[in-house]
1. So how far, in whole Å, is the C-alpha centre of region 33-75 from the one of region 88-154?
2. Counting other C-beta atoms within 10 Å, which of 98, 5 has the fewest, and how do the rest follow?
3. After finding the eigenvalues of the alpha carbon gyration tensor for region 11-88, what semi-axes result from the square roots of 5 times each, listed largest first in whole Å?
4. Please express the Cα-Cα pair-distance distribution P(r) of region 93-202 as a list of whole percents, one per 10 Å bin, running from 0 to the bin with the greatest distance.
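Coordinate-derived values only; no laboratory data. The structure presented is a predicted model; accordingly, all values stated were derived computationally and were not measured. A quick note on method: Cβ atoms are made from the backbone with ideal geometry, for glycine too, and the neighbour counts reach across all protein chains shown.
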């Protein structure tokens, strides 16, 4: 039994079309003799053998359940009228999956969808190895997305040691997704041209909490930078005052100046200045 794709070379339909015209002429000329009826039966019996194949199309031929081959050349052809001719498109197809809720590596519920570009490479596998190859693509893609999403955290808030996350490592994640989908669809003779994440977000029930957490993290990071800059500026100010002998400050006054400068530099609102009309001692 043939278990792999075989290319079938059919007869040009134009040759058989000429034969059909000859048979029709003979049938009409001998219709009164009784022979014409038999010729008409042969003429009608050959008609189902005609078929055509569009560009990037194919016909899988079977005879009483036995695989005879696949026609991939485009054109107008004729083959055994008893052949069953199943059409399978070889064109690239785009599949945008529905958004599904899955748990990431940490267990956070996320919404994710995938965009898949695929085409049939092996018509024998697509026709006979699976029941419905189009449905097989949808189901296996969904399974691959769920498995892939469980390997990585959504971000590194909860897993700071993770170098790869669904948000930051899209190229690597897409590559892993493509490999996972390709392994699952190989049995159906499907070639994966591209697989990538189309949508990614926290599930609705935790989205607002995670947004506040991200905002808090951003604020802390910004404050950290502000404090670093403020300390550097205060150190520079004290150094310049001391170097140029502008004013002689004891430790208590240095501490007061540092406190005031830090308040001015780190405050998130405009500071209202207070003019000291006396001396530095009051």
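1. Cα centres, region 33-75 to region 88-154: 36 Å.
2. 98, 5
3. For region 11-88, the semi-axes come out at 29, 14, 7 Å.
4. Using 10 Å bins, I get a P(r) of 15, 46, 26, 11, 2 for region 93-202.
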